[in-house]
1. For segment 232-390, what is the Kirkwood estimate of the hydrodynamic radius, computed as the reciprocal of the mean inverse distance between distinct Cα atoms, to one decimal in Å?
2. Report relative contact order for segment 56-163 in percent, whole number only (criteria: Cα-Cα under 8 Å, sequence separation at least 6).
3. Order 340-353, 254-267 from most to least packed using the mean count of other Cβ atoms within 10 Å.
4. What distance in nm separates the simple spin-label points at residue 343 and residue 245, each placed 7 Å from Cα in the Cβ direction?
5. Just one of (1) 1.20; (2) 1.28; (3) 1.04 is Rg/Rh (Cα atoms, Kirkwood Rh) calculated from these coordinates, so which is it?
6. Once you have the alpha carbon radius of gyration of segment 212-272, what is it after dividing by 2.2 N^0.38 Å, with N set to its residue count?
7. In degrees from 0 to 90, rounded to the nearest 10, what is the angle of the helix 298-307 Cα long axis to the longest principal axis of the chain?
8. Could you tell me the extents of segment 314-395's C-alpha atoms along the three principal axes, largest first, rounded to whole Å?
């Protein structure tokens, strides 16, 4: 039935109905109508198979799109054969039914003469973030009567990442400092503070002979040494709380998605400055990423946030050791929390004990007693999912 077009499906049921109405009566010749319609369908099936031509199909699929934002998938089709390909149309396989593509063929490209190239496109909107697989593209023909489809399946095997939708922040107020970073800017880029020497100066007693700048010595006729700038810069840790109980996964899904959007907005704001970002998120998998200053791009952070799912088992025991190991070089930790309990309190206490400044943001309604939070993060904020969806300008 999948290969029947709308018209073909109508003819099929007309033939079936005429047979049922006939009921074995010799007076009503309904079976003749059924045979005629069956013959038309049979001719369509044979003709479509004979008219089918294998074409070169090149899908043009974006790697990343944003949740709820329209985007386009295009497909370039070329007839490399010597015969005309008749009544060509296309279908994408693998995207969810919410896009309206799973059972619909289109666009219709018509006939392709030998050597001719045509391009078709789909306008899509994906309402949920995540990773989607575009499995294949059907190149079909409905020749000659538009009743039956015959197709070739072109494997694609491409993935499409849907980023969480977020509203960019205008300002992000957080306490920051500068710490010495082992390995220096060679780990990040040459943006901002640099390990390249800044200047040369005259040699002084106690200077290392390795620091001598030989070309300048030859030019000036006296020893000179290179001067370096110390490698200090800001490094921000963003910690994403993913723990929800099995019951809360459905009840607080909106809060979780809002927290993801907020984390994306914070990452976007931080990436505009010369900071190094460490992202920590513990879900079914543990995610850790260092980005910023050209070590990686904002897209790398959003790649992770696109795929993070709630964790129904407390994730702090798994997250805390890895987070604390990297805090020696972190100046500020921004934590997005979904609740407040003893495990989360221990995490914040451990962060502050390592000399890191804290900024804490809670997401949700009716979070209960938040006493004790100000002991670790004075001026913490609480936002609802609706506020985040409407857009938060300042944090």
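Each reported figure results from applying straightforward, stated rules to the coordinates on display, with no laboratory input. Just so it is clear, the model here is predicted, and its values are computed rather than measured. No Cβ is skipped: glycine too gets one built from the backbone with ideal geometry, and neighbour counts run over all protein chains shown.
1. On the way: mean 1/r = 0.0638 Å⁻¹.
Result for segment 232-390 stands at 15.7 Å.
2. Details: 262 pairs, mean separation 35.3, N = 108.
Relative CO of segment 56-163 lands at 33 percent.
3. Most protected by this proxy first, the peptides run 254-267, 340-353.
4. Between residue 343 and residue 245, the label points sit 1.2 nm apart.
5. Label of the calculated value: (1).
6. Output field value: 2.48.
7. 60 degrees
8. That works out to 36, 25, 23 Å along the principal axes.
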